[in-house]
Structure formats: C-alpha cells, structure tokens
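Everything below concerns the one structure shown next.
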Amino acid sequence: MAEFEVLERDGLGRLGRLTTPHGDLETPALLPVVHPERARQPWAPSELARRLGLRAVITSAYLTWRNPELRDKARQVGIHGLLGFDGAVMTDSGAFQQHAYGSVEVGAEEIERFQEEIRTDIATVLDVFTEPEAPFEDAERALATTLVRARAARGRRSGLLAVPVQGGAHPALRGQAARSASGIGDVLAIGGIVPLLEQYRFSELVGVLSAARPSLAPEAAVHLFGAGHPMVFALAALYGADLFDSSAYQKFARRGKLLFPYGTVDLAAVREPICRCSLCESAPLPEVRGWTPERQEPHLALHNLLVSVEEVARVRQAIRDGTLWELAERRAAAHPALRAALAEAAAHDEVFEPTEPDSRRAFREIGPASLERPAVRRFRHRREIFTADRDSARALPRVPLVPAFLGRVPAEDRDGRPVHWAVTTPLGEVPLELSEIYPVGPYLGIDEFRGRARVPSPEALTQELARLADLPSPGERDWTAAWTERQIRALLTWQYGRSAAVRLTPALQGERSRRTGRLRFVRADAFPAFVIGNDGLPRPTFRGARLLADALEPGRCRVVVADDAVPFAREGRSVFSRFVLSADPALVPGASALVVDPRHELLAVGRLLLAPHEMGRLRRGVAVRVTAHARAPDGPEPEEEGGPGPAAIFPSGAPDRDGRASPGDEERFP
Ligand code: GUN
Ligand code: ZN
C-alpha cells in the first residue's frame, strides 16, 4: 500500500509521485475522463497523450461493463488495450451513474472483479453517492455501505485501490469517512461534490474538505471526483488534492464554452483572439466561432484540456516556489464564490497549521485576503505570546536593521531601563527586533508602493528621536552592539523559547554583513553557530545544534531516527521517512531540527520536509534534509574551517546539497 511519495510541498499542497504499474505520476495531476467507446470520445487517449504529454486518464469501468462488446474486448485486451493507451488508467465504479440515472444493474463485487479482470491500475470501490442535501441518517447509512464494500474490496485486491470518501455535508461523517478510508485505500477520493462544483457552492466544498482533510492519511494520494474546472485547481491543491478528474473539458465544449483559469467564456461572444494556446494559435477563436457545432466541439475540448493541464503545471510550479496561496488568491478573483471559499478556508487554522512552513522565499500580497493566510495568522498569534510580558513599546517608523539606523535608536532610556520599539507593518505593530522575519520581513504589499512604508533617512530618524526627552540624545552612544545582542536574543526566543534564549545568548556574538550591515551570522567561540537566512530566521550549524542540544529540554526540536539510519545521517545524508521513530510535534515543515539517535546523541541538523505527524507514515521519501552533520571520521567539519561565506552554509530557501533524494540513496540503506 501507499505507493506515494512527497517530493516538495507548500503547506498541505504537495508535489508527489504516485507509482502505478503503468508508470509514475507526478502529482498534482489531471486525469481527463475518457469514454471507453472510441466513437464517444472526441480525441483518442493516445492522441491526448501525444499532444498534452498526459500520463494518466480515468475511464468508467461501469460504462465498459454495461456494453457487452466493450466488456468482452476489455476482458481480452485489458483496459489499456481497449483505450489504446499505455499510461496509467484509473477506473471509476459507476457510483455517479447510479446516482444520476437511478440505478446500476451491477453489484459492488462484480464491478470490482471486473476492474481486476481488465487490469486497471487504480480500481475504485462502488460507493454510494451522497448528495450534499442528504439528511444525516441517510448519509450515515450510505457511508456505512460504502465502507463495508471498501473493506471487502481491499481484501480481494492487492493493486492500487481508490476508496471514495462520502458523508454529504456533515462534517462528522466526512471526518469518519476520511479516517476509515485511510486505513483501506491507496487513493482517497473525495466524492459527492459534483453538485457543489456545478453550482459554484465552493464554500460548502471548502467545508467538506476542511472536515475530511485532517483525517486523511498523509501517505495516501487524495483525489477529487469531478474537479475539472481549472479555476478550482489551486484551491483544491491548497487542501492537498493530488489528483483531479473531470469531464468538464468535454461537457463545456459541448455547450460552446471555453475554460480558463480565470473563468468560463462563451465562444458565441468571442470576437477577439483571446487565447493563443497551441491550438487557438492555428485556429483563432473568432474564426472557430463560425464553425459548425460538430467541428467546434473537439476543438474546444482540446483547448479546454490544454488550458487545464497548463493550470495543473502552474499549480505544481507554485508548490515548488512556495506561492500556492498567492496563486489561489489570484484564482479566487475569477468569481466571488471562490473568494468566499478562500475566506472560509483561511478560517480553518486547524487544517493548515500542522503543515504550514516556518518560512517561504517571499510573501506577496494579492489582496486583503492575503492578510488571512495561515502564515500571517500564525505570526500574529506568536507575536502575542512574544510580547505578552513586555511593557508597552514606543512607535518607530519601519527601518532596516542595519547599523546606520540601529546605531541611533536608543535601546535604553536615561535611567538604563530597556526601551521597546514597535514598528508599524502591514501585519500590525511588530517588535523592532523581529521586523525582518518571515512573513513580515519579506512582505511585499501595496503600502510599499503608496509611499506609506518609505524608510526615513538616518538623519530624519535622528531628528525624530531627538524629540523624545527621556532618551539619551542622538550621537551620545552607538547602540548597534546593544541591538545586535537584543536581536539575537529575540530570534532565539522566537524559535526556541525564552529560557533557551537566555541560556544561549551570553555565549554568542553577532556578525553583520560588511556589505549590507545585516545580521548574517551568530558565532560561538568565533565559529558560526547560526546563519541568518533571507527569511530573517536563525538556522543552526552543527555547532549551533550542539548548543541547542544542551539548552533545549529533551525531545524539543528533535527528530529521533532508528539505528539503521544513524550512519547515514551522521555523514550528512537525508533522513528518510521510514527511519523516523519520533519527532517533536511542535516542529513544522521547513523548520530546522536536531537529528538524534535513539539514545539522543546528536547526529546532524536538518530541515523538515514532512510534518512530524507525517514522518514514519510515508514509507517512501525524505523526511529531513540534512544541512550539517557530525564530524566526518577523517577530516574537519567543513563549517568550522573559520568563517565560510553564507553560500557555503545553506542560505535560506536554497536547496541543500543533500536535499534531493535519489532512489539510489534509499537503496543504500540497510
Ligand atoms: N464521480 C463524480 N463523483 C463521484 C463520486 O462521488 N463517486 C464516484 N465513484 N465517482 C464519482
Ligand atoms: Zn486556446
């Protein structure tokens, strides 16, 4: 079970690999619905594969079974032979037809056996499609039936099995469905959502996803039945959807509609060449408008699929770039119903928090909704904790944390009492020392372009500070060193808590970049202990990890690996998920952690790809990308050869040299 691997991620959104007998699928992936009868399909699957690089399709086992000719042929040559397609084929069971047309004359066991006979790659259990309007008792009964069938199917099938997750609009049932399906299926397929998609009830869709997602096994691929309009892909991917399927490309084409990520366009109204996809390039849309419907339909279907495949690729790129929320916000502009759905999603902290990364390369404000992203909500929440026992802070314009400014900002009043400064940012008031960390540091919003956030000159700042009577006058003292120490303590407090920061700070010295004046390194005995990334957060070197190991309570910030993996972690190789015994549940993806053996000896320091609750459950792939490791048996630790440049120590955001797992890596494990 669980032939799924997570390669990259942005929150719940993940770039994965699903291994099937007919090749690996890079996810998120779109599985176009193809009709098993060639004559009913405007484009042969092989033609779609050739034109779009498609590696997978979904077709109906039920429609194949219902037609005696197709049934016999599929039994003889397999579903791949019938479709003339050698990529991965997922088959659906007929639940949707049962729902749409009242009854299916096939039993659950029979259609499952048939899927086995036609050698499908991913078989689907015959579920009971449950409408969003279904009363609780009906939905509960239907769910019970689906689950009984799913368990029976699992007993009969060793290949990949998709288990539908039903439950209607009832959160408790969706949660139960997700939990139960998770113990059974390799693919967990959220079902019963077609009415929500067709009627633009995206907020209700978000309700369904929010109820199901936390209970879906992280090691299974998540499929969304009927999600085929490209404008919903980014939203769905935010919830960790890995597979989409849809006949939308055909259905909309039949009605003369063009799909775009920004909405639907009626061809009848198109007078301009608004698409330049490879197809519309050769036949401009105003010209296509004049064609007969018979000629139009396959053309529009292909355009729709091209655009959809492109959008899925964009979603994958956004996951790599850490910009999935930005993409979802842009897509939400397509329709108010989507905006409502995104607002609803952002309110579900409990869904996103466990996998929300500690930083991203950038934070670009798309609109007011950007201030509700999980990154911002977490920052605000933690800021409350950070400032809870502080006296009130004085307001300061936002200034760069470099000596030209900091040297002039008094850290103490005339009586030697600490003065706290808060700077105004788009995220509200933020302590000066924290104003460069993610998301506030990299925040790029409209204020930046309206002159509001313009940085005062050092001279203007001096003049402003000179007016405050109880402070030492400007020029009396250079405050840079005091701020450097405070900044170090603040960053360590933010990351590791107050008591660890108090313990660590006295032994540390900050080093500012000669070029920019920014805090770049924190040294202990002249050796780098922390590197401050572009996200403003301190990342421990191996020496820093040793200090942390002494300063943090046992368990804190640790990932414990099995003995089998110890030699590999110690020599700097990534830690694979299946060797993780336990991890501090407070860690999040992207966070730096101490990799230790079962006796808690420090082996390495690395950054999490998986959240703690996912480690060990995914049987494949990397859990922690090691960034620095214990002394090699012969030779010095590379990082301790006296002050390397930042690039040598894994600048934030850049992948580390051990970051990518190759299958060879894994095979070298015992
Ligand atoms: N196709 C669209 N919705 C569904 C569903 O809920 N279950 C199944 N099996 N197929 C679907
Ligand atoms: Zn086009």
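Annotations
- The condition (being surrounded by 24 or more Cβ atoms within 10 Å (Cβ to Cβ), free of Cβ contacts under 8 Å to residues at least 60 places away in the same chain and either more than 36 Å from the chain's Cα centre (by Cα) or more than 16 Å from ligand 2 (Cβ to nearest atom) (or both)) is satisfied by just one residue among Ile79, Ile122: Ile79.
- Looking across Cys275, Cys280, one residue alone is touching a helix residue (DSSP H, G or I) at 6+ places or on another chain (Cβ under 7 Å), within 9 Å of ligand 2 (Cβ to nearest atom) and free of Cβ contacts under 8 Å to residues at least 24 places away in the same chain. It is Cys280.
- Residue match in region 396-417 (condition: part of a strand (DSSP E or B), touching a residue at least 24 places away in the same chain (Cβ under 8 Å) and under 16 Å from Ala490 (Cβ atoms)): yes
- All of Arg154, Arg179, Arg113 fail the test of being at pLDDT 95 or above and either in contact with a helix residue (DSSP H, G or I) (Cβ under 7 Å, 6 or more places away or on another chain) or under 17 Å from Ala241 (Cβ atoms) (or both), apart from Arg179.
- Subset of region 83-101 [more than 20 Å from Ile193 (Cβ to Cβ) and either surrounded by fewer than 23 Cβ atoms within 10 Å (Cβ to Cβ) or of a type in the set (Phe, Trp, Tyr) (or both)]: Gly84, Phe85, Asp86, Gly87
- Considering region 247-263, the residues that are touching a Leu at 6+ places or on another chain (Cβ under 7 Å) and more than 13 Å from ligand 2 (Cβ to nearest atom) include one that is nearest to Asp92 (Cα to Cα), namely Ala248.
- Test: residue in region 303-311 that is part of a helix (DSSP H, G or I), under 13 Å from Ala234 (Cβ atoms) and either of a type in the set (S, T, N, Q) or more than 16 Å from ligand 2 (Cβ to nearest atom) (or both): yes
- Within region 381-393, the set of residues being loosely packed, with under 15 Cβ neighbours inside 10 Å and either of a type in the set (D, E, K, R) or part of a loop (DSSP other than H, G, I, E, B) (or both) comprises Arg382, Glu384, Ala388, Asp389, Arg390, Asp391, Ser392.
- Looking at Arg512, Arg573, just one residue is more than 17 Å from Glu485 (Cβ to Cβ) and modelled with pLDDT of 95 or more, and that residue is Arg573.
- Single residue of region 418-449 satisfying the filter (part of a strand (DSSP E or B) and within 22 Å of the chain's Cα centre (by Cα)) that is surrounded by the fewest Cβ atoms within 10 Å (Cβ to Cβ): Leu444
- Residue satisfying condition, being within 16 Å of ligand 1 (Cβ to nearest atom) and assigned to a helix (DSSP H, G or I), within set Ala123, Ala153: Ala153
- The residues of region 267-286 that are modelled with pLDDT of 95 or more and surrounded by fewer than 11 Cβ atoms within 10 Å (Cβ to Cβ), listed by number, are Ala268, Ala269, Arg271, Glu272.
- Restricted to region 102-112, and to residues there that are crowded, with 16+ Cβ neighbours inside 10 Å and not in a loop (DSSP other than H, G, I, E, B), the residue that is nearest to ligand 2 (Cβ to nearest atom) is Ile111.
- For region 162-204, a residue qualifies if it is among the charged types (D, E, K, R) and within 14 Å of ligand 1 (Cβ to nearest atom), and the qualifying residues are Arg174, Glu198.
The values are calculated or read from the model by the stated rules, or taken from the named source; none is laboratory data. Just so you know, these numbers come straight off a predicted model, no measurement behind them. A quick note on method: Cβ atoms are made from the backbone with ideal geometry, for glycine too, and the neighbour counts reach across all protein chains shown.
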